[in-house]
Amino acid sequence: MPSTLAILAHPTQVTFVLDWLSKHEGVLTHFQIMAPAEMAQGIEQGWDLKNIELIALRESGQGGDIELASHIIAGDVAGVIFFTDPEAIATAFPSFSLVLRACQIQGIPAALNDVSATLLLRGIAESQIAYLIFNPVAGQGNPNADLALIKEVLEPQILVNVIMTKPDTDPAEQAREVIEHIHSKNEHDMGRSLIIASGGDGTVSAVAGATIGTGIPLGVIPRGTANAFSVGLGIPTNLRAACETILAGNTHVIDAARCNDMPMILLAGVGFEAGMVDGASRQLKNELGNLAYVLSGVRQLAAAEPFEATLEIEGEVSTVTTNAITIANVAPPTSVLAQGMGEVIPDDGLLEVTIATSTTRLQGINALASLMAAAAWGNPTQRDDITCLRTNRIKVTTDPPQKLVIDGEILEANPMVFECLPGALTVLAPLKTL
């Protein structure tokens, strides 16, 4: 996960490379170091390694240089420092030609003496470091091609460390491990680190939830079905354009929210919205894309049952009969049930609440049409069977208990307390247009 430097030297150059390492120890603490066994042993003897992570490979004569070349080809190494002996460059171990060939194939810098090594280190140390949490099963594209394009666009300016999501690991936990590493290396204090989430809204929400309150910039490369978070913030859904948005470096400080103890980045739905999301299966989304939610919504409109909801807002308690409550922090116009106010403002310190109280199917259809018009024109709906408001905190208790969806995840909770967290997220997004 950390940025990795490979350190090598021919036998006659070991003393020189160790002297160089000692001169730059303060900067090198921000990197992981990979070296053949004999070099790693010299580093261990000459340094206090409390703040340096060292990966020891095999001895060069036993294939350590081959092992290193494989790491270079795999994209695990940011740069190579190889102090060479000009008189033995063709025959000595580690193999210079092998390591150089790997660097050429992967397109990473290599330094051969103290001057070029200092320049290489300075260039890498001053670069931004991006920790890309990449979901390979998101969307319908080729994940290998997607990742290659992302690295092609970003890596000339940003060092990219790729962390693949895993079926048995929460992306939020992976993001927290990255954040812990960033803080341990003081990378954030140096303004060098950012976290990038690439996947669908589930991956993006999980990673964003982990970054709440950290101030670490979050980049988003959307590759999902709805990509609601990106669309809601104007982040392009085109892969290359999303990467270029990250390179532009424009940050937007927005709100986040919590429902009970769970982070909420997008929106929560009680009743209709939860049933609609629950009905849009992965297979249906793969086959129909966003139309899966439309089809599920039509089915849910026919099946939705009204329920009693007790609402507590700013100390006032009221009870309504409803079939849909939506609480939004960020939402695109296509999230129709969040559009009671005409738009969802992501940085006003408030949550947008929309409550539908339609009692017949025809009223429900008309209410949805009104919400679509509100989103299109940016004006609040005026229907009597739709209540809409903005608040920084709301408590909802339902009878009977209802399904709850938060950022696409179906949950069970009753009561539910939603609270806005103003300015809790820093997101790389396009500049606002007036």
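The values are calculated or read from the model by the stated rules, or taken from the named source; none is laboratory data. Model, not experiment: these values are computed from the prediction. Please note: Cβ atoms are built from the backbone with ideal geometry, for glycine as well, and neighbour counts cover all protein chains shown. All accessible areas refer to the heavy atoms of the entire protein, side chains included, with ligands and DNA or RNA removed. Shrake-Rupley method; radii C 1.70, N 1.55, O 1.52, S 1.80 Å.
Do you know which of the residues in the range 254-266 that are assigned to a strand (DSSP E or B) and open to solvent by less than 20 Å² (accessible area, probe 1.4 Å) is farthest from residue 343 (Cα to Cα)?
Within the range 254-266, the subset assigned to a strand (DSSP E or B) is 254-259, 262-264.
Adding the requirement that they be open to solvent by less than 20 Å² (accessible area, probe 1.4 Å) leaves 254-257, 259, 264.
Details: 254: 15, 255: 15, 256: 16, 257: 17, 259: 21, 264: 18 Å.
The residue in question is 259.
What is the number of the single condition among (1) surrounded by 15 or more Cβ atoms within 10 Å (Cβ to Cβ); (2) at pLDDT below 90; (3) outside any loop (DSSP other than H, G, I, E, B) that residue 286 does not meet?
(1)
Does the range 171-184 contain any residue that is assigned to a loop (DSSP other than H, G, I, E, B) and either out of contact with any strand residue (DSSP E or B) (no Cβ under 6 Å at 6 or more places or on another chain) or open to solvent by less than 10 Å² (accessible area, probe 1.4 Å) (or both)? Spell out how you get there, then give the answer.
Going residue by residue through the range 171-184, those that are assigned to a loop (DSSP other than H, G, I, E, B) are none.
No - not one qualifying residue is present in the range 171-184.
Can you name every residue in the range 318-334 that is under 15 Å from residue 201 (Cβ atoms) and of a type outside the set (Ser, Thr, Tyr)? If you could, list the steps in order and put the result at the bottom.
First, pick out the residues of the range 318-334 that are under 15 Å from residue 201 (Cβ atoms): 328-332, 334.
Residues satisfying the conditions are 328, 329, 330, 331, 332.
Quickly run through the range 108-126 and pick out the residues that are assigned to a helix (DSSP H, G or I) and charged (D, E, K, R). Spell out how you get there, then give the answer.
The initial filter retains those residues of the range 108-126 that are assigned to a helix (DSSP H, G or I), namely 114-125.
Hits for the range 108-126 are 114, 122.
Within the range 230-240, identify whether any single residue is assigned to a helix (DSSP H, G or I), closer than 24 Å to residue 31 by Cα and among the aliphatic types (A, V, I, L, M), and answer yes or no.
Filtering the range 230-240 down to residues assigned to a helix (DSSP H, G or I) leaves 230-233, 239-240.
Next cut, closer than 24 Å to residue 31 by Cα only: none.
No, that holds for no residue.
So for the range 26-41 (the condition being surrounded by 19 or more Cβ atoms within 10 Å (Cβ to Cβ), touching a strand residue (DSSP E or B) at 6+ places or on another chain (Cβ under 7 Å) and farther than 30 Å from residue 148 by Cα), does at least one residue qualify?
Yes: one or more hits.
Among the residues of the range 225-257, write down those that are within 13 Å of the chain's Cα centre (by Cα) and among the small types (Gly, Ala, Ser).
Of everything in the range 225-257, those that are within 13 Å of the chain's Cα centre (by Cα) and among the small types (Gly, Ala, Ser) turn out to be 230, 242.
It is to be established whether one or more residues within the range 101-113 are surrounded by fewer than 19 Cβ atoms within 10 Å (Cβ to Cβ) and on the phi > 0 side of the Ramachandran plot.
yes
Considering the range 185-204 alone, what residues qualify as being of a type in the set (S, T, N, Q), open to solvent by less than 10 Å² (accessible area, probe 1.4 Å) and either modelled with pLDDT under 95 or over 18 Å from residue 147 (Cα atoms) (or both)?
193
Residues that are modelled with pLDDT of 90 or more and outside any helix (DSSP H, G or I): does the range 359-376 have at least one? Give the derivation first.
Of the residues in the range 359-376, the ones modelled with pLDDT of 90 or more are none.
Within the range 359-376, none of the residues are modelled with pLDDT of 90 or more and outside any helix (DSSP H, G or I).
Restricting to the range 72-95, give me the number of residues that are of a type outside the set (A, V, I, L, M), farther than 21 Å from residue 44 by Cα and open to solvent by 50 Å² or more (accessible area, probe 1.4 Å).
Selection size over the range 72-95: 4.
Somewhere in the range 422-430, is a residue within 18 Å of residue 313 (Cβ to Cβ) and part of a strand (DSSP E or B)? Steps first, answer last, please.
To start, the set of residues in the range 422-430 that are within 18 Å of residue 313 (Cβ to Cβ) comprises 422.
Cutting the leftovers down to part of a strand (DSSP E or B) gives us 422.
Checked the range 422-430: at least one residue is within 18 Å of residue 313 (Cβ to Cβ) and part of a strand (DSSP E or B).
Look at residue 152 and say whether it is open to solvent by 40 Å² or more (accessible area, probe 1.4 Å), without any contact (Cβ under 8 Å) to a residue 12 or more places away in the chain and out of contact with any helix residue (DSSP H, G or I) (no Cβ under 6 Å at 6 or more places or on another chain). So that I can check it myself, show each step before the final result.
Details: open to solvent by 40 Å² or more (accessible area, probe 1.4 Å): yes; without any contact (Cβ under 8 Å) to a residue 12 or more places away in the chain: yes; out of contact with any helix residue (DSSP H, G or I) (no Cβ under 6 Å at 6 or more places or on another chain): yes.
In short, yes.
Report, ordered by the first and then the second residue, all pairs with beta carbons closer than 7 Å, sequence separation of six or more or different chains, a first member in the range 205-227 that is open to solvent by 10 Å² or more (accessible area, probe 1.4 Å), and a second member that is among the acidic types (Asp, Glu) and assigned to a loop (DSSP other than H, G, I, E, B).
Once the first residue is open to solvent by 10 Å² or more (accessible area, probe 1.4 Å) and sits in the range 205-227, its partners that are among the acidic types (Asp, Glu) and assigned to a loop (DSSP other than H, G, I, E, B) give 205/407; 206/170.
Of everything in the range 55-92 that's part of a loop (DSSP other than H, G, I, E, B) and free of Cβ contacts under 8 Å to residues at least 60 places away in the same chain, which residue is farthest from residue 11 (Cα to Cα)?
Applying the first criterion (part of a loop (DSSP other than H, G, I, E, B)) to the range 55-92 yields 57-59, 63, 74-78, 84-85, 89-92.
Okay, now just the ones that are also free of Cβ contacts under 8 Å to residues at least 60 places away in the same chain, so 57-59, 63, 74, 90-91.
Details: 57: 16, 58: 15, 59: 12, 63: 16, 74: 27, 90: 13, 91: 12 Å.
Among those residues, the one meeting the criterion is 74.
Please specify each residue of the range 391-424 satisfying the condition of being open to solvent by less than 40 Å² (accessible area, probe 1.4 Å) and of a type in the set (Asp, Glu).
The one that is open to solvent by less than 40 Å² (accessible area, probe 1.4 Å) and of a type in the set (Asp, Glu): 407.
Among (1) in contact with a helix residue (DSSP H, G or I) (Cβ under 9 Å, 6 or more places away or on another chain); (2) farther than 18 Å from residue 117 by Cβ; (3) not aromatic (Phe, Trp, Tyr), which single condition is residue 10 missing?
(2)
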